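These notes are about the structure you will find just below.
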Amino acid sequence: MTSPTTLHSAKGTGLELASIIVALSGHSPVVDGPLAPSGVGASGRCVVFRSLLVASGVPMLVGPVQVCGLDFASGGLRMIDVLPHVGAVVAADDNERVVRLLRTLKAELDRRSREYSLVGADSIVSYRAITGQTDEPRLLLMLDGYPAFRTEYEAGAGRSAWYAVFNRLLAVGRTRGIHIVLRADRRCNGAVA
């Protein structure tokens with residue numbers, strides 16, 4: 001399974017991270033996998049998150065995109081709730097809605113896996129080409145505060161099954177057009193910086 005240590009990671013200064021976003025068309029979520037911006041305070045993680053969010057609202061880049069969020073950090077994702085391509089941002093303390101969102105993404109992954117298999121498509125790109133359904137949206141889950149999410153769901157009572165669902169989304173979701181962007185603090189000698 002994919003873990004945050006094996007994710008494509010974007011680190012550096014805000015300017016370097018902004019450059020990564022400018023070159024985002026070169027980052028293939030299908031080939032390169034999830035993006036996990038990390039770093040210490042004022043290193044540009046917010047620049048990456050906000051730039052990805054804005055870029056996801058421009059359908060000519062990758063086709064239609066629907067965004068949802070899990071905010072296990074400072075509540076900064078709440079501001080994206082008003083954008084037209086954002087479905088919902090769920091706060092960490094709302095376990096019922098967190099589980100509902102993960103259940104919805106799992107059901108969508110299962111649906112897409114069945115449908116893509118029926119037409120012989122190995123990715124959202126080939127599915128769109130084979131079926132002509134160019135409006136099949138990519139789904140982008142933005143998770144702010146991955147370490148807190150992991151702490152709450154990896155071994156939490158009654159929650160570990162949902163952490164397994166999340167890991168499945170990380171591992172196989174990208175080929176089905178379900179992408180995850182994680183945001184976390186950089187770890188320095190085992191401590192969060």
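The values are calculated or read from the model by the stated rules, or taken from the named source; none is laboratory data. What you see is a predicted model; the values in this text were computed from it and never measured. Counting neighbours? That spans all protein chains shown, and the Cβs are built from the backbone with ideal geometry, glycine included. With ligands, DNA and RNA removed, areas are computed over all heavy atoms of the protein, side chains included. Shrake-Rupley method; radii C 1.70, N 1.55, O 1.52, S 1.80 Å.
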Which members of segment 84-103 meet the condition of being surrounded by fewer than 13 Cβ atoms within 10 Å (Cβ to Cβ) and either in contact with a helix residue (DSSP H, G or I) (Cβ under 7 Å, 6 or more places away or on another chain) or assigned to a loop (DSSP other than H, G, I, E, B) (or both)? Pro84, Asp93
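Among the residues in segment 171-179, are any closer than 21 Å to Cys68 by Cβ and part of a strand (DSSP E or B)?
yes
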Of all residues making up segment 104-131, the number that are touching a residue at least 12 places away in the same chain (Cβ under 8 Å), within 16 Å of the chain's Cα centre (by Cα) and open to solvent by 70 Å² or more (accessible area, probe 1.4 Å): 1
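The rows are residues; the columns are (1) aromatic (Phe, Trp, Tyr); (2) in contact with a strand residue (DSSP E or B) (Cβ under 6 Å, 6 or more places away or on another chain); (3) under 14 Å from Gly177 (Cβ atoms).
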| position | (1), (2), (3) |
| --- | --- |
| Pro84 | no, no, no |
| Gly87 | no, yes, no |
| Val90 | no, yes, no |
| Glu96 | no, no, no |
| Arg100 | no, no, no |
| Lys106 | no, no, no |
| Arg111 | no, no, yes |
| Asp122 | no, no, yes |
Only one of (1) among the small types (Gly, Ala, Ser); (2) farther than 24 Å from Leu77 by Cβ; (3) within 20 Å of the chain's Cα centre (by Cα); (4) buried (at least 19 other Cβ atoms within 10 Å of the Cβ) is not met by Gly145, so which one is it? (2)
Which one of the conditions (1) within 20 Å of Gly145 (Cβ to Cβ); (2) modelled with pLDDT of 55 or more does Ser126 fail to meet, given that it meets all the rest? (1)
Taking first residues from segment 140-156 that are more than 21 Å from Gln66 (Cα to Cα) and second residues anywhere that are surrounded by fewer than 22 Cβ atoms within 10 Å (Cβ to Cβ) and modelled with pLDDT of 90 or more, the pairs with Cβ under 6 Å that are 6 or more apart or on different chains are Tyr153/Arg159; Tyr153/Trp162; Tyr153/Tyr163; Glu154/Tyr163
When Thr134 is evaluated against the numbered criteria (1) closer than 19 Å to Ile180 by Cβ; (2) in contact (Cβ under 8 Å) with a residue 40 or more places away in the chain, which criterion, by number, is the only one it fails? (1)
